[in-house]
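Student: Handing you this structure, nothing more for now.
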Amino acid sequence: MELKPEDLASFVTAQSSWIAEAGTYKISIGASSLDVKQSAEFQLNQDIIVKKVQPVFKIEKEFSDLKSKK
């Protein structure tokens, strides 16, 4: 089995990019999380920009997260 940076990437809005972030990753293989047969850890030493995209909507005003009214 081979993992590619694309498999680890998440979208970072501030950079308009899909990025595989630096850090320690753990892979577990098994029938379920309670039945792990094998696991391994590996280190990604630096961020990898997998794909840079163009912002679709330009934010004209900054806003804070929506909160429910009580």
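We did not get these values from a lab; they are worked out from the coordinates using the rules stated. Note that the structure is a prediction, hence the values are computed from the model and not measured. No Cβ is skipped: glycine too gets one built from the backbone with ideal geometry, and neighbour counts run over all protein chains shown.
Student: If I take R0 = 25 Å and measure r between the Cβ atoms of Leu3 and Lys52 in this structure, what FRET efficiency does the formula 1/(1 + (r/R0)^6) give, to the nearest 0.05?
Tutor: Plugging the Cβ-Cβ distance into 1/(1 + (r/R0)^6) gives 0.75.
Student: At most 16 other Cβ atoms within 10 Å and a DSSP loop assignment: could you name the GluC sites (Glu not before Pro) in the range 1-58 that fit?
Tutor: Sites meeting the loop and neighbour criteria: Glu2, Glu21.
Student: Where nothing but the Cβ of Lys and Arg (+1) and of Asp and Glu (-1) is charged, how large is the charge dipole of the range 14-57 around its Cα centre, in debye to the nearest 20?
Tutor: Roughly 140 debye, rounded to the nearest 20.
Student: For the range 1-62, what log10 I(q)/I(0) values come out of the Debye formula at q = 0.14, 0.21, 0.27 1/Å, with one point per alpha carbon and no solvent?
Tutor: Here log10 of I(q) over I(0) equals -0.56, -0.88, -1.12.
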